[in-house]
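Report on the structure given below.
All of the numbers you see were taken from the coordinates with simple rules; none came from a lab. Computed from a prediction, not measured in an experiment: that's the story for all the values here. Neighbour counts are summed over all protein chains in view; Cβ atoms, including those assigned to glycine, are modelled from backbone coordinates with ideal geometry.
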Amino acid sequence: MSAQIFPRNANAIVWVSILGLVLLVGGIVAALVGLYLSPWFTDVGVPKAQPVPFSHKHHVDQLMIDCRYCHATVERAAHAGFPSTDTCMSCHSQVWTNSPLLQPVRDSYRTGDPVVWRRIYDLPDFVYFNHSVHVAKGIGCASCHGRIDQQQLTAKAQPLFMGWCLGCHRNPEDNVRPRDEVFNMRFDPLTLPLEERVKLVESYQIPTDGRLTNCYTCHR
Amino acid sequence: MVQPARKLNGSRLVRFAWLPLCLVLAACHVDMYDQPRYQPNQVSTFFRDGRAMRPPVENTVAIGSFDPDSALLTGKVNGELASELPVELTAELLEHGRTRYDAYCAPCHGIAGDGNGVIAYRGPLQVPSLHQDRLRTVAIGYFFEVITNGVNRMYSYANRIPPEDRWAVAAYVRALQLSQYADVNDLSAEERQQLGVK
């Protein structure tokens, strides 16, 4: 009679350890996915330190300055652009001239060196994006940048995943608004009835034949 | 003594089958995310002032942006401020002018041009009314001139408002001025009735 190599509960140990292994691997994968979607990785809602603590809440919500006053090329070019020192100084040469927070702007005006803003929204270089087409086709700033007029310090409202771009390119009727509401932060496109939005998509000639989800649209 | 060269037989090769997986890992780098090219507004370590977007060299003009004889680009005809709009006056032009005015001028000059915009109010900043007699009678080219070059405490808006749009704003300012000095007799009988005047 040969010796018994395995104890009686060996089968149970095997099953438990297989289950444990599966749970462990699943847990690790879930944790990685969670980390990938979390603000720690995507920076959503996390403001960055800027040379001047510029507040959109102050300037857009309270002073009601139009986006184009500072992001002047947004209707004409791919990039919305950052305001030049001259733009800040058109007001701040006369209002709040002594604020210590504005010292970097005044220094920049004197020396001619630019104020270096840190980018909040930054797509990978292999993605092509263009503001002017979105603005011209009735997609509001708020659809992509959220309620930036309520932010004391600018932070991301979107992780800018590819699936998010595609979601809107598949169903533009969920986000389209009349052209004169593009810069209006308070306007919600979903307050319009669906038929009206579908009509807007038609009248703005937004292609619904799948051209917008073609890889070449964004990876060119 | 010379060792006989080891023969790589099939089963030994299988043991190294994981090696190609390393190639997959080696492909995981991020240089396509930040490619070695400049994007607008990027910081450059090459230029001393740190700008990747280069300002034009001094005393150069972009092709098509300069023509001393063009009223559209200079606002002047034979050295005098243009008294006629060099573009066609249409309802679209005025509508376009309104969006520009509301974005660029209204913060200081106010929606109606009274000089009581929100910056003037909260600033505080002294802003003159656009409805003074002097500004109502001045040649329309003067508004183009003010937007292009600024005036005293008001900065230039030339780098944000292209010349065609400046004329749209000038035309809209004229419309605003008219709106504050409209004559009852210009209205149709129907409109007068609505207002309750005879």
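Just a few scattered comments:
- Ignoring aspartates and glutamates fewer than eight residues from A:Lys57 along the same chain, the ones with Cα atoms less than 18 angstrom from its Cα are A:Asp66, A:Asp149.
- A helix-only calculation puts chain A at -11000 deg cm²/dmol for mean residue ellipticity at 222 nm, using -39500 (n - 2.57) for each DSSP H run of at least four residues, averaged over all residues.
- Across B:Thr90, B:Thr60, B:Thr137, mean-square fluctuation computed from a Gaussian network of chain B (C-alpha pairs under 10 Å connected) peaks at B:Thr60.
- Computed label-point distance, nm, for sites A:Phe126 and A:Thr97 using a 7 Å Cα→Cβ extension: 5.3
- Rounded FRET efficiency, nearest 0.05, which uses the C-beta distance separating B:Met53 from B:Tyr181 and R0 of 30 Å: 0.10
- Counting beta carbons within 10 Å around each of B:Met32, A:Met185 and listing the fewest first gives the order B:Met32, A:Met185.
- Candidates A:Asp125, A:Asp174, A:Asp43, ranked by Gaussian network fluctuation over chain A, Cα under 10 Å, top entry: A:Asp125
- Peptides B:143-150, B:33-40 ranked from most to least packed give B:143-150, B:33-40, packing being the mean of other C-beta atoms within 10 angstrom over each peptide's residues.
- Fewest-first ranking of A:Leu160, A:Leu101, using other Cβ atoms within 10 Å as the exposure measure: A:Leu101, A:Leu160
- GNM flexibility winner over chain B from B:Val138, B:Val87, B:Val57 (Cα, springs under 10 Å): B:Val57
- Using alpha-carbon coordinates, inclination of helix B:163-180 to the longest axis of chain B, degrees: 40
- Summarising the label geometry, the points placed 7 Å from Cα in the beta-carbon direction at A:Ala136 and B:Gln126 lie 4.5 nm from one another.
- For the range A:145-220 and the range A:17-93, distance of Cα centres in Å: 18
- Rounded, prolate or oblate (a/c below 1.5 giving rounded, otherwise prolate when a/b exceeds b/c) for the range A:50-118 by Cα gyration tensor: oblate
- Cα-based shape type of chain B, given that a ≥ b ≥ c are square roots of the gyration tensor eigenvalues and the cut on a/c is 1.5: prolate
- B:Val77 long-range amide H proximity, modeled H, under 5 Å: B:Ala82
- Packing-based exposure ordering (other Cβ within 10 Å, fewest first) of A:Thr85, A:Thr111: A:Thr111, A:Thr85
- The protein assembly as shown shape via C-alpha gyration tensor axes, a/c threshold 1.5: prolate
- The sum of -39500 (n - 2.57) across all DSSP H runs of n ≥ 4, divided by the residue count of chain B, sets its helix-only mean residue ellipticity at 222 nm to -11000 deg cm²/dmol.
- Extension gain for the segment A:Thr111 to A:Thr217, taken as residue separation times 0.36 nm less the Cα-Cα distance, is 34.0 nm to one decimal.
- As a length-normalised measure over Cα pairs under 8 Å and 6 or more apart, the relative contact order of the range A:52-195 settles at 29 percent.
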